[in-house]
Amino acid sequence: MLLIACSNVANLLLARATAREREIAMRATLGASRSRIVQQLLVESFVLAVAATCVGYALAYFGLKVVVALIPADTLPTKLLLA
């Protein structure tokens, strides 16, 4: 499932970059270097990745709390027996 989610995000980033092709061409025409354009795209991707990581972490944290709350009492052991 994680692999599918990662490939979906990669496809979205690729589609977004394709849609911004005119903007990137205009920046290059106005004198921006390739390294500056690549740097801008990398920073935007990094910010998106950090935001997605924070949202994913929050969903996992609260989702785990909900799952643990739904487990009936006395189902999970409270102490581990060490032999």
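The values are calculated or read from the model by the stated rules, or taken from the named source; none is laboratory data. Small disclaimer: the values here were computed from a predicted structure and weren't measured. No Cβ is skipped: glycine too gets one built from the backbone with ideal geometry, and neighbour counts run over all protein chains shown. Just the protein is used for accessible areas: all its heavy atoms, side chains included, with ligands, DNA and RNA removed. Shrake-Rupley method; radii C 1.70, N 1.55, O 1.52, S 1.80 Å.
Values for this structure:
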| read-out | value |
| --- | --- |
| Kirkwood Rh in Å, taken over the chain so that all alpha-carbon pairs contribute | 16.9 Å |
| Cβ charges +1 (Lys, Arg) and -1 (Asp, Glu), total dipole of the chain, debye | 280 debye |
| Å² of accessible area per residue within the chain, as computed with a 1.4 Å probe and no ligands counted | 93 Å² |
| Derived scalar couplings ³J(HN,Hα) [region 22-33; Karplus, 6.51 cos²θ - 1.76 cosθ + 1.60; whole Hz; x for Gly, Pro] | 5, 4, 5, 5, 5, 4, 5, 5, 7, x, 6, 6 |
| Carbon + sulfur, % of accessible area of the chain - ligands and nucleic acids excluded, 1.4 Å | 72 percent |
| Charge dipole of the chain about the Cα centre (unit charges at C-beta), most positive-ward option of Thr75, Ala52, Gly31 | Gly31 |
